[in-house]
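Below: one structure, written as structure tokens.
Every number here is computed from the coordinates shown, using simple stated rules; none is lab data. Bear in mind that the values here come from a model prediction, so they are computed numbers and not experimental data. Cβ placement follows ideal geometry from the backbone for every residue including glycine, while neighbour counts extend to all protein chains displayed.
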Amino acid sequence: MAQADEALLRLCRLCVSIKMHTQNMSLDEATKFCQDNCYYEEKPARQEAMRGTFDPGYLNYTLGKLQILKLRDDYKTQEGDDFSIQKFHNELLNHGMPPIRLLREIMLKDQTKWDQVL
């Protein structure tokens, strides 16, 4: 339950961040979004909404997760029957922490897939 709750919060952060910075979502609307979708009371919902106004990393957890899942799917397609989750994880972690876009260049042979991060 705790993992699901944290995942829900990260998804709400992703939505709020994008809407606040690209679609003029107000602080009050962001607060209500967190109340309605994260099931937060008003004060913690307001704190989450406020964080979205100044924290550039606010949405990164979910964004990174989605990008890694996309990379995993593309890598799985590339490797076919030779794919293993352990092989994928080893390959992913062998390169440190470059941006996912660069990992796509390192791990995927098909150059047309490199820019398809989501």
Express the relative contact order of the stretch 62-113 as a whole percentage, based on alpha carbon pairs under 8 Å and six or more residues apart in sequence. 41 percent
In debye, nearest 20, what is the charge dipole magnitude of the chain about its Cα centre with +1 on Lys and Arg Cβ and -1 on Asp and Glu Cβ, if you could check? 180 debye
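I'd like to verify something in the chain: which complete DSSP H helices, judged by Cα projection on the helix axis, reach 15 Å or more and average at least -0.5 on the Kyte-Doolittle scale? The partial results should precede the final answer.
On the way: long enough: 2-22 (30 Å, 0.39); 27-38 (16 Å, -0.72); 42-54 (19 Å, -1.37); 60-79 (28 Å, -1.09).
For the chain, where a helix must reach 15 Å along its axis and average at least -0.5, the hits are 2-22.
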Note on the chain: contact order normalised by length, alpha-carbon pairs under 8 Å, 6 or more apart, percent, works out to 21 percent
For a test of understanding, tell me how many lysine pairs in the chain have Cα atoms under 19 Å apart, given they are 8 or more places apart or on different chains. 12
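What is the local net charge at Lys113, summed over the other residues whose Cβ is closer than 14 Å to its Cβ (Lys, Arg +1; Asp, Glu -1)? Mind showing how you got there, number by number?
Numbers: positive: Lys70, Arg72, Lys76, Arg101, Arg104, Lys109; negative: Asp73, Asp74, Glu79, Glu105, Asp110, Asp115.
Residues near Lys113 contribute 0 overall.
May I ask for the net charge around Gly57, where only other residues with Cβ less than 11 Å from the Cβ of Gly57 are counted and Lys, Arg are +1 while Asp, Glu are -1? Walk me through the intermediate numbers first.
Working: positive: Arg13, Arg51; negative: Asp55.
Spelling it out: positives minus negatives among the neighbours equals +1.
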